[in-house]
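What follows draws every value from the coordinates through simple rules; no lab data is involved. Remember, predicted model here, so these are calculated numbers, not experimental data. FYI the Cβ positions are ideal-geometry reconstructions off the backbone, even for glycines, and counts take in every protein chain you see.
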Amino acid sequence: MKQIIKLLSLSLIICLLSACNKTKETVLSSPNGKVKISFNLKNGKAYYAVAKESEIILNPSRLGFTLNEKPALEGPFEIKNTAKSSLDETWQQPWGEEVSVHNHYNELKIELQEKTGKKRLLNIVFRAFDDGIGFRYEFPEQENLKKFEITGELTEFALPDNYPGWSFPMYKSEYYEALYKKSTVGEMDTISTPLTIERPNGKYLTIHEANLTDYAALNLYPATGSPTLKTDLTPWSNGIKVYAETPFVSPWRTLIIADNLNELVNSRIMLNLNEPCKIEDTSWLRPAKYVGIWWGMHKETYSWAQGPKHGATTKNTKAYIDFAAAHHIQGVLVEGWNYGWDGDWVANGDQFSFTGNYPDYDINELVRYAAGKGVELIAHNETGGATVNYENQSDSAFALYKRLGIHTVKTGYVNRFLDKKERHSSQYGVRHYRKIIETAARYQIMVDNHEPVMPTGLQRTYPNLMTQEGVRGQEYDAWSRDGGNPPEHTTILPFTRGLAGPMDFTFGTFDFTNPVHPQTRTQTTIAKQLALYVVIYSPLQMASDLPENYVNKPAFEFIELVPVDWAKTVIVDGKIGDYVITARKDKHSEDWYVGAITDENSRNLKINFDFLEKGKKYKAKIFKDTSESDWKTNPYPVLIEEKDVDADTILDLYLAPGGGAAIRIKVIL
Ligand code: NOJ
């Protein structure tokens, strides 16, 4: 019965459309015909609706804007013109979860004009893909709309039912460093995207945005009494959301409409809706693993500031370089190497120097020493949120790094507000981050950005934006008062924050003791730490523990082996919040890697190896929990065993509570 009602309302939406406009195209189908977007004017107000086959994905949902000191741009409109086009192309990523990206869509542009008043123009461009949709607003150049200030975006996502999803309160957390909770959409606070929602029958819907350029980040909140999500844009401190001048475009609003987790993770809608690569020569972009003078600060054995515990000394850095060189690790991050850390650096971010090294850190000697060993330093640029100070120095700093052969910076913005005033995800923040990415690109510098605005696929255009934080990462396992990241956290991330792009989570804990905060620790087994290198994607991956904790640990071999750049990604199995099995094919060989992780519950899993190439023989090296392993009582035991496998293999695997398994599958024939 429910199905029939749904079908009826679907046809109602479509016939409403054709009735409202006989000549102009207002319905758009995806290339395979399954996803449909329909545009409709109701009393002159603009609505869109989305369906996949017989399922309503979104009921008619509002479009439009409110503006400061100007009438809202919300109709009554009339359709002046519509235009359809299509694209079917494949482009190559310099790095990623897969090499070739298929960009196949049909497009419909609806050109609207106000029927009365200033007769202002607004276009809405829809793209229908087989796995979802994207749409954005265009504000064409026009006499009656030049400079304007957006006070609200009226875009809605009218879900047909109060589905459950995974989210955290956007304004009650900082830098998106929060734990995702499952609740119905109607119970959600104002949340950030990506928002992943569970549709009936184990299907998914993810709402996010693509190409966030000179605009404010998208957040969502539920309308009272209905499962409709409304748009909230992160404001400037004066309440304005976006300063704009025509011609102007909004970011794309995106929906991934996936039948399963593998489709969800392999959707490339967000990347496809970003501009093609603006960096001509990408040969200097190098996905890498790194170690760093970092965990010691978070565990309070080292300090960033000068003094007896100063971590960034020449001697200490040389030891990290030696370790990296001996273990096929390309990068060494050093935090606390530059002036600005002494005293309250969060309050005094404008005192940071990005070129002046502390006297016990001989930067020239260190780059020489590192180069001799085939290792590169990664410069840390903590700004304390003082973006003006950083922008003033970024050219000279990046020029210095380039001259020294440093090709990666880790940026950071620890402060509630940027420049004591503006939010990280506001248009102010978005402008700053872009400026740094573009400046870095000019000096051939790769960026690992912490405390970012939520990623939206800009790495397609600027692939020097390698990875970002914007996630509650491993540092919480050093000092968080709530005890650290609970075991389920990483089983949720690939399907929520992970859909926004690479995450610099920084796993690699091998020592689970925590003398300073004994109630806090990494809540996994060692085998799960290894598996995370496959499950959580980033082209820069850290082995975050102190090198001495890796010495004589056979399990460290997996961290040495695991690649950071992939030809292909498959979600073999999983349930958000419970467990995940991810398989990835190495970009530079025929080898595959598998990571399987579980939440706080132990689990017996069956891994079907049918992702392997039929007819080929492989040797699997498995790093797994033993029956003794348990994140709480005994995280250390790892069993390493070898097995012949092929595409017909089904492997039984035991995962301990908070445990996991990591597998290297090497082709032999
Ligand atoms: C927060 C970053 O996430 C962390 O990695 C860094 O060590 C500190 N800020 C200091 O910059």
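Side notes on the structure shown:
- A simple charge model with +1 on the Cβ of Lys and Arg, -1 on the Cβ of Asp and Glu and nothing else charged puts the dipole of the stretch 213-290 at about 200 debye relative to its Cα centre.
- Cross-link pairs LYS182/LYS230; LYS299/LYS568; LYS24/LYS52; LYS553/LYS619; LYS36/LYS606; LYS24/LYS241 - those with Cα-Cα distance over 25 Å: LYS299/LYS568; LYS36/LYS606; LYS24/LYS241
- Candidates per trypsin sites (Lys or Arg not before Pro) in the stretch 282-340, loop by DSSP, up to 15 other Cβ within 10 Å: LYS309
- With contributions of -39500 (n - 2.57) from each DSSP H run of at least four residues, the per-residue ellipticity at 222 nm computed over the chain stands at -5000 deg cm²/dmol.
- Spin-label pair GLN142/LYS119, simplified geometry with 7 Å Cα→Cβ offset, distance in nm: 1.0
- With eigenvalues of the C-alpha gyration tensor scaled by 5 and rooted, the stretch 2-272, Å: 26, 24, 20
- Positive-end ranking of LEU499, PRO635, ASN449 along the dipole of the chain, with charges on Cβ about the Cα centre, is headed by LEU499.
- Once the C-beta distance of SER100 and LYS606 is scaled by a Förster radius of 35 Å, the resulting FRET efficiency is 0.70 to the nearest 0.05.
- Near-label residues of the stretch 612-641 by backbone N, under 15 Å of a point 7 Å along Cα→Cβ of ASP652: 627
- Applying a DSSP loop filter and a limit of 13 other Cβ atoms within 10 Å to the GluC sites (Glu not before Pro) in the stretch 595-669 leaves GLU613, GLU628.
- Debye log10 I(q)/I(0) for the stretch 519-669, one point scatterer per Cα, at q = 0.10, 0.18, 0.21 Å⁻¹: -0.31, -1.05, -1.42
- Between the stretch 43-63 and the stretch 495-535, the alpha-carbon center distance in angstrom: 40
- Debye-sum result for the chain in log10 I(q)/I(0), which assumes one identical scatterer on each alpha carbon, at q = 0.10, 0.11, 0.12 Å⁻¹: -0.95, -1.13, -1.32
- In a fully extended conformation the segment linking SER480 and GLU174 would gain 108.8 nm over its present Cα-Cα distance, using 0.36 nm per residue.
- Here GLU280 and LYS621 are evaluated by their C-beta separation; at R0 = 41 Å the FRET efficiency comes out at 0.55.
- The residue list GLY33, ILE56, PHE77 was ranked by how far each Cα lies along the charge dipole of the stretch 2-272 toward its positive end, using unit charges on Cβ atoms, and PHE77 comes out on top.
- Share, in percent, of DSSP beta bridges within the chain that are antiparallel, nearest 5: 85
- For a paramagnetic label modelled on GLN92 (point 7 Å from Cα along Cα→Cβ), amide N atoms under 13 Å away belong, within the stretch 266-299, to 281-283.
- Using only side-chain charges placed at the Cβ, +1 for Lys and Arg and -1 for Asp and Glu, the dipole size of the chain relative to its Cα centre rounds to 1600 debye.
- Environment charge at GLN306 (Cβ cut-off 9 Å; Lys +1, Arg +1, Asp -1, Glu -1): -2
- Between the listed residues ILE607, ILE663, ALA647, the Cα displaced farthest toward the positive end of the dipole of the stretch 471-669, a dipole computed from Cβ unit charges relative to the Cα centre, is found at ALA647.
- Fully extending the segment from ASN260 to SER589 would add 115.7 nm, taking 0.36 nm per residue of separation and subtracting the current Cα-Cα distance.
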